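Report on the following structure.
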Amino acid sequence: MAFVNRKITRQAVAGLLMVALVVFGGFGLAAAAENKKTTLHILALLPLTGPGKSLGEFLQNGIEMGRAEAVKRTRGAVTVEVEYHDSKNQPQEGVSALQAALAKSRPDAVIAAMSSVAKAVLPVLEEQGILTIVTTTALTDLPKGTKHVIRVYPTSRDYVEPVAKHVAKKFKRVAILYVNDDFGQSNQKVFAAIIKDAGKDLAASEPFGLQQADARPAIERVLAAKPEAVFVTGYGPAFVTVFKQLRELKGDLPIFTEIGFANPTILAELGQSADGITFDGTALELMVSGNKSSEKFRKLYRAQFKKDPYMVAGFAYDSVLMLADAALKAKTAGKPDKPGVITLSPFKGAMGTILLDGEGECSVPLMLMRREKGRTVKARD
């Protein structure tokens, strides 16, 4: 009888253990599923006021679209919260805004826009060990040698090379007009090197101020050198001024520029003055591209904001999605890192296929295009 009781007792204990395993095992699985849900905190340092304001608006719109898409893409596993700070496109303002934000809380990642601002804040972010995506900055070698920095945007070489090689084939004597900051200087150096390497003559190279109201003195110095064509690189208020005054002073001079020209705000201000200008860009800039990813993004952007997108919005959108994907796969929930983002390459997003090398440097092939009768079309050689 005692044997029977011991057997029953053992069976009872085994039964209780099974119940416990089911109950607590189920609880553990539920907790694990719950642990997969994470919130990604991003600090966005953008030019919300000042000479880069129009770019800041496109960037913020792209980030907000990325926030919404990240939830869908990860099936609710990643929620993105973004804290916006205004850099005013001024390096010191950017550093001050960043330091004030970090004094309150530490983000999981930072998205920093504009060349001069990104260059100024990177030492702080590297010291703090915060994953940073730089965008709307073509400045050469920004991620090189860093532990936490990745670029999601074309480089100066991406920006300039297609146009420079095209110009070198067609003309013997060319000139440059460039905005006098880190962005413009970087593009100027790349363009000048390609022209000289091709054995062509760089007739003149003149800077202009970001908010310069009258660029005629610089333009007249360029025209005095008698170039066969001119390359213009820049952004902001003076960028528009340079094109208008070039047309006024020498209407038949062939003008070439880069992807910054495709900003819908700039095209709207230039109107018919934009026709005939050749530049480079992504599929998003073309009226008809045949690129499904870009056309889908364009459609969504128009539906939400009632206007055409600009490529900086697309790269900001892709930046958020890359951070969300890396956060989902991170060893520590919601804490993406540079190696984790790099492993996503090649990343297929709104801007096509984004390639990252081991340094976190980005490669984005651009194509030649031209403005004709108020439309952007592929350029003919």
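Values for this structure:
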{"item": "Non-local Lys pairs in the stretch 105-229, i.e. 8 or more apart or on different chains, that have alpha carbons under 30 Å apart", "result": "29"}
{"item": "The chain: relative contact order in percent, alpha carbon pairs under 8 Å with at least 6 residues between", "result": "18"}
{"item": "Computed magnitude of the charge dipole of the stretch 196-332 (debye, nearest 20; Cβ of K, R +1, Cβ of D, E -1)", "result": "560"}
{"item": "Helix-derived mean residue ellipticity, 222 nm - over the chain, DSSP H n ≥ 4, -39500 (n - 2.57), to 500", "result": "-15500 deg cm²/dmol"}
{"item": "Cα centre as origin, Lys/Arg/Asp/Glu Cβ charges: the chain dipole, Debye", "result": "1340"}
{"item": "Net charge contributed by nearby residues that have their C-beta within less than 12 Å of residue 229 (K/R +1, D/E -1)", "result": "+4"}
{"item": "Radius, Kirkwood style, for the stretch 272-379 when every pair of distinct Cα atoms is counted (Å)", "result": "15.3"}
{"item": "The stretch 269-285 and the stretch 305-352: distance between their alpha carbon centers, rounded to Å", "result": "27"}
{"item": "11 Å beta-carbon shell around residue 141, net charge (K/R +1, D/E -1)", "result": "+2"}
{"item": "Neighbourhood charge, 15 Å Cβ-Cβ cut-off, centred on residue 308 and excluding it, Lys, Arg +1 and Asp, Glu -1", "result": "+4"}
{"item": "Dipole of the chain, positive end: most advanced residue of 271, 132, 192 [Cβ charges, Cα centre]", "result": "132"}
{"item": "Residue among 245, 288, 364 farthest towards the positive dipole end of the chain, charges placed on Cβ", "result": "288"}
{"item": "From the C-alpha gyration tensor of the chain, square roots of 5λ in Å", "result": "52, 20, 18"}
{"item": "5 angstrom amide H check on residue 372, placed H, neighbours 5+ away", "result": "276, 377"}
{"item": "Student exercise, the stretch 274-381 dipole from Lys, Arg, Asp, Glu Cβ charges, in Debye to nearest 20", "result": "580"}
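Any read-out appearing in this document is the output of simple, stated calculations on the displayed coordinates, not a laboratory observation. Please read these numbers as outputs of a predicted model, since none were measured by experiment. For neighbour counting, all protein chains shown are included, and Cβ atoms are generated from backbone atoms with ideal geometry for every residue, glycine included.
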